[in-house]
1. Could you state the accessible area per residue of the chain in Å², with a 1.4 Å probe and every protein chain left in place?
2. Helix-derived [θ] at 222 nm for the chain: sum -39500 (n - 2.57) over DSSP H runs of at least 4, divide by residue count, nearest 500?
3. Give the calculated FRET efficiency between Lys107 and Gln148 to the nearest 0.05, with a Förster radius of 30 Å applied to their Cβ-Cβ distance.
4. What order do you get for 96-106, 116-126 when each peptide is scored by the mean count of other beta carbon atoms within 10 Å, highest first?
5. Treat each spin label as a single point 7 Å out from the Cα along the C-beta direction, and report the Lys209 to Lys90 distance in nm.
6. Given a 1.4 Å probe and heavy atoms of the protein chains only, how would you sort Glu152, Glu77, largest accessible area at the top?
7. State the percentage of accessible surface on the stretch 147-203 attributable to carbon and sulfur atoms; use a 1.4 Å probe and exclude ligands, DNA and RNA.
8. Taking all protein chains in place and a 1.4 Å probe, what share, in percent, of the accessible surface of the stretch 1-97 do carbon and sulfur account for?
Amino acid sequence: NLAEFRGMEQGHLRLAAATTAKYFIPKLLNSFCQRYPNIGISLEFTNHNEVLERLNKNLDDLYILSRLPEQEKIEAESFLCNPLVLVAPKRHPLTRQCRLPLESLEKESLIVRERGSQTRESVEQLLRQQGVSVQIKLELNSNEAIKQAVVEGLGLAVLSLHSLSATDMNQLAILNVEGFPIHRQWHVIFLKEKKLSLVARTFLDYLLKESQGYCQAFSSLAGKGIVFPRELK
Ligand code: PGA
């Protein structure tokens, strides 16, 4: 019974998360650390495939990913939406249009993440399924570098809505294109065979509780022509 231990939790928690989780996990950790000052945390941010490798090697207590691996040996809880949006520089001609067909991207260049990124995989999957081919101009292994490259006019990119701040939106615009946003969901995952430590269980419960309603933080971006997932309402 966790309640008996309230305030006594101590130890170390090892987490691994896919890159765009870095935009919301620190916020959640702040209040967690205040509530549980005796729990130390190490957190590894890397792309989706590398988080899966860490899971297969059993390196961490909990893993945060936006696509569930097809594995029987895992347990998973979904806790937050992860809409992937198509961004362009603020003054790009496509920003003046609404409900663009996906084919309109065929004349554009795309900046994508490295192989192993789930954000990239989601975009490629959408284009493949719809039979649309878009020129990949640049491959970058950082969401921040991608934003800069879009601002510089090197191409369009698909990014998690979590990665866009109000300041970014002074220079970027979210395009209203068929198929976007791509709706993904964040999951917290652990190995079934692994008996979770008290600290890991405490964090898991905390994450599931605190993230409820967190999507409302996106409401400042509402009304920009994008359809938000139901969780955002
Ligand atoms: P990635 O992140 O693009 O950095 O792999 C997100 C994910 O797991 O979906």
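The values are calculated or read from the model by the stated rules, or taken from the named source; none is laboratory data. The model shown is predicted, which means the values in this text are computed figures rather than measured ones. Here Cβ is always computed from backbone atoms with ideal geometry, including for glycine, and neighbour counts include all displayed protein chains. Remember, those area values only see protein heavy atoms, side chains included, never the ligands or the DNA or RNA. Shrake-Rupley method; radii C 1.70, N 1.55, O 1.52, S 1.80 Å.
1. Roughly 51 Å² per residue, with all protein chains present.
2. Working: 5 runs with 55 residues, N = 233.
Only helices count here, giving -7000 deg cm²/dmol.
3. Working: r = 23 Å, r/R0 = 0.76.
Calculated value: 0.85.
4. 116-126, 96-106
5. Calculated label separation equals 4.2 nm.
6. Numbers: Glu152 140, Glu77 85 Å².
Putting Glu152, Glu77 in descending order of accessible area: Glu152, Glu77.
7. Of all accessible area on the stretch 147-203, carbon and sulfur atoms account for 47 percent.
8. Answer for the stretch 1-97: carbon and sulfur cover 44 percent of the accessible area.
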